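Take a look at the structure set out below.
The values are calculated or read from the model by the stated rules, or taken from the named source; none is laboratory data. Here the structure is a predicted model, which is why all the values come from computation and not from measurement. So basically every Cβ, Gly included, is an ideal-geometry build from the backbone, and we count neighbours across all protein chains shown. Heavy atoms of the whole protein, side chains included, go into the accessibility calculation; ligands, DNA and RNA do not. Shrake-Rupley method; radii C 1.70, N 1.55, O 1.52, S 1.80 Å.
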Amino acid sequence: MDRPLKFFLTSITALHIFYSGAEVIKDPSVLNVHVVPHTHDDVGWLKTIDQYYYGTNNTIQHANVNSIITNVVNELKTHPERTFTYVEMKFFHMWWIDQTPHVQNEVIDLVKSGQLNFANGGWCMHDEATTHFMGMIDQTTLGHTFLKNTFDYIPSIGWQLDPFGHSATQSSLLTSGVGFNALFFGRIDYQDLEKRRNEKRCEGVWSSSPSLGTNVFWGLTGSYGGNYGAPESFCFDTLCGDEPIVSNERSAEYNLDRKAREFVDVMITQAAQTRGNNIMLTMGSDFQYENAYESFRSMDALWEGISSFQNAGKLENALGHFKSINIFYSSPEKYARAKYDENILWEVKSDDFMPYSDCKHCFWTGYFTSRASLKRLERAGSSFLHAARQIEAMDDDTDKLMSNTESDIFDLDDAMGVIQHHDGVTGTSKQHVAYDYAKRVTRGFQRASTYAAKVLGRLLGNPDIELK
C-alpha cells in the first residue's frame, strides 16, 4: 500500500536526449504530450525466437521482427523529427550482425542523435516472479554490454510493460540499483488501477527497499488503460483494425477533424489521471511497425491536424483547464526528465504490484509453478553459467569477454538470457516454444561444459577430464 509520505524528485543521471524534436514547455497551462513509438517483441511466446525474427509460421501469429527493425530504421533516416524506442536486445543483436557496415554506421548516427533509443536494454524483458535475481542481472548485463560495446550507450529507463505483476526486487535492484531513472509498466491489478485513475495516482515514486534506500520514479503506460498500447481506436499499425488518418478534405473518407477531437479528449482524460502537465502516449504494441511508413504517416497527419486546429481556435472548449497542447515525438528518457523537472511531491509506494489480476477471480498466478521442469533447467543453467565464467577467467589462452559471440560460453549466456523472458521461465509459451527454450539451454550446456573441461584439464594437467 502507499504511504502518505511524499518524496521530492531532485536528481537524474545523464540522458541521451539530442534529437531536434519539439521541446517541452514548462508553462503549467500547456499540456506536453510525449509520443513514444515502440514495439513489444516477445522473445518467444506463440512462436519461437527464430520464427518471430524471420517471420515464419505465420499461421500462428503474423510477426516479422527483421522487417520491423529494418522499416523503422528507414523511416527514422528520412524523418529526423521522428523517434523510436526499442527494448529486446536479443532481436536487435540478431538484426545488427546481418547488416552491412554502411547500414550499421547509419544506425549509430540515429542512436547518437537520440532518434533511436533503447529502454531496459536487456536481452529480453524478463519476468519478475519466477526468475532468480541473478538471472535477471545476467540477462540485463548481456544486453547492456552489447549496447555499450556497439553504441557506447547506457540505458537509463526501466521498461517492464508486459510482465504479469511487478516485484520489489525489480524496483530496487533491477531499476534504481542499475542506475535507471524511471520504471514504466502496464499491468497492475484492475482494482488498484481503477482506484489510481480516480485519484490521479498513476505515477509516483517507488521506494521498495528500506535497507538499500532506493527510490525510483514509476509510471503506467498505455494511457493508463492497463496495458501498453496506443489509445483505443488510435492504433495505426496494419495489425490493428483502427482506421488510418485521412487528411484529404476532398475525400469521402476524410476523418481528420473527428479523429483530432477524439484524440484530444483522450489526452485530456489521461492528463486528469496523473499530476503535472506532461503525459506519455505509448504508441505501439506486440510486433507492431512492420509497416512503419503507415504508422508514422497517420501519426504525422494527426499531430499536424491537431496543431492546425489549435492555431485556428477550434479546440478552445476541448482542453479542460489547459490553454494549449504541445504534442511531439519523444522518448521515455525525455519524458522522465520532464517529470523530474516538474518538481512535484509524489506519494511513495513501498510494497510490490503482486499478484496481478485483470478481472474478478482472474489472478495470474498459475505461472508461479507451471512447467516445473523448465524452471528447474533454468536454475541449473544459471548455476553452470556462473561456474563456466569463473573457469573462463582462469583460461590464459583467451581474452574473450562475456558478450563476445565467439566465446565458448556465449551459447549458454544467450540461452539463459532469453529464457528469463516473461513467457519463457514462466511457462506461458506454446509447447513447441518451451521445447525451443530447453533446446537452446541444452546446446549451451554442451558447448560450455566441453570448454570448461578443456580448460580445467589444461590447468590440472589432465586432458581427459569430462564434465557431466
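Being touching an Asp or Glu at 6+ places or on another chain (Cβ under 9 Å) and of a type in the set (S, T, N, Q) is true for just one of Asn198, Asn255. Which residue is that? Spell out the reasoning first.
On the way: Asn198 fails: touching an Asp or Glu at 6+ places or on another chain (Cβ under 9 Å).
Residue meeting the stated conditions: Asn255.
Of the set (1) under 20 Å from Ser331 (Cβ atoms); (2) under 23 Å from the mean Cα position of the chain (by Cα), all apply to Glu290 but (1). Inclusion of Gly55 among residues that are under 16 Å from the mean Cα position of the chain (by Cα), open to solvent by less than 50 Å² (accessible area, probe 1.4 Å) and modelled with pLDDT of 95 or more is not warranted.
Being within 17 Å of Val87 (Cβ to Cβ) and open to solvent by 10 Å² or more (accessible area, probe 1.4 Å) is the filter here; which residues of segment 29-52 pass it? Residue satisfying the conditions is Trp45 alone.
Going through segment 352-363 one residue at a time, which ones are surrounded by fewer than 12 Cβ atoms within 10 Å (Cβ to Cβ) and either basic (Lys, Arg) or closer than 17 Å to Glu199 by Cβ (or both)?
Narrowing segment 352-363 to residues surrounded by fewer than 12 Cβ atoms within 10 Å (Cβ to Cβ): 359-362.
Once the filter is applied, which keeps residues that are surrounded by fewer than 12 Cβ atoms within 10 Å (Cβ to Cβ) and either basic (Lys, Arg) or closer than 17 Å to Glu199 by Cβ (or both), segment 352-363 yields only Lys360.
A count restricted to segment 132-150 and to residues that are closer than 30 Å to Thr369 by Cα and assigned to a helix (DSSP H, G or I) stands at 12. Set side by side, the residues Leu183, Leu174, Leu212 differ, and just one is part of a loop (DSSP other than H, G, I, E, B) and open to solvent by less than 30 Å² (accessible area, probe 1.4 Å), which is Leu174. Report whether or not His62 is open to solvent by 40 Å² or more (accessible area, probe 1.4 Å), touching a residue at least 60 places away in the same chain (Cβ under 8 Å), at negative phi and touching a helix residue (DSSP H, G or I) at 6+ places or on another chain (Cβ under 8 Å). Here the answer is no, as His62 does not meet what is asked.
Has segment 322-336 got at least one residue that is out of contact with any strand residue (DSSP E or B) (no Cβ under 7 Å at 6 or more places or on another chain), at pLDDT below 95 and open to solvent by 60 Å² or more (accessible area, probe 1.4 Å)? Within segment 322-336, not a single residue is out of contact with any strand residue (DSSP E or B) (no Cβ under 7 Å at 6 or more places or on another chain), at pLDDT below 95 and open to solvent by 60 Å² or more (accessible area, probe 1.4 Å).
Taking the criterion of being open to solvent by less than 10 Å² (accessible area, probe 1.4 Å), of a type outside the set (S, T, N, Q) and not in a helix (DSSP H, G or I), the residues of segment 83-120 that qualify are Phe84, Tyr86, Val87, Glu88, Gly114, Leu116, Phe118, Ala119.
Would segment 240-249 turn up any residue that is charged (D, E, K, R) and within 18 Å of Ala272 (Cα to Cα)? No, that holds for no residue.
Only one of these is hydrophobic (A, V, I, L, M, F, W, C) and assigned to a strand (DSSP E or B): Val246, Val205. Name it.
Details: Val246 fails: assigned to a strand (DSSP E or B).
When all the criteria are applied, what remains is Val205.
For Val246, the conditions (1) open to solvent by 20 Å² or more (accessible area, probe 1.4 Å); (2) of a type in the set (Val, Ile, Thr); (3) in contact with a helix residue (DSSP H, G or I) (Cβ under 6 Å, 6 or more places away or on another chain) are fulfilled apart from (3).
Residues in segment 425-435 that are assigned to a helix (DSSP H, G or I), under 23 Å from the mean Cα position of the chain (by Cα) and not small (Gly, Ala, Ser): 1 in all. Does Asn343 qualify as being farther than 25 Å from Gly122 by Cβ and surrounded by 16 or more Cβ atoms within 10 Å (Cβ to Cβ)? So Asn343 fails the test. Can you find a residue that is open to solvent by less than 10 Å² (accessible area, probe 1.4 Å), in contact with a Cys (Cβ under 9 Å, 6 or more places away or on another chain) and assigned to a strand (DSSP E or B) anywhere in segment 266-280? No - not one qualifying residue is present in segment 266-280.
Checking the structure you have, find out if any residue of segment 131-149 is surrounded by fewer than 23 Cβ atoms within 10 Å (Cβ to Cβ) and within 18 Å of Asp351 (Cβ to Cβ). Within segment 131-149 (the criterion being surrounded by fewer than 23 Cβ atoms within 10 Å (Cβ to Cβ) and within 18 Å of Asp351 (Cβ to Cβ)), the answer is yes, since at least one residue qualifies. Residue check: Leu220 meets all listed conditions (1) open to solvent by 10 Å² or more (accessible area, probe 1.4 Å); (2) closer than 24 Å to Asp358 by Cβ but one, namely (1). For segment 252-264, the criterion of being surrounded by 18 or more Cβ atoms within 10 Å (Cβ to Cβ), in contact with a Ser or Thr (Cβ under 6 Å, 6 or more places away or on another chain) and farther than 30 Å from Gly165 by Cβ is met by at least one residue. For segment 443-468, a tally of residues being assigned to a helix (DSSP H, G or I), open to solvent by less than 80 Å² (accessible area, probe 1.4 Å) and free of Cβ contacts under 8 Å to residues at least 12 places away in the same chain returns 1.
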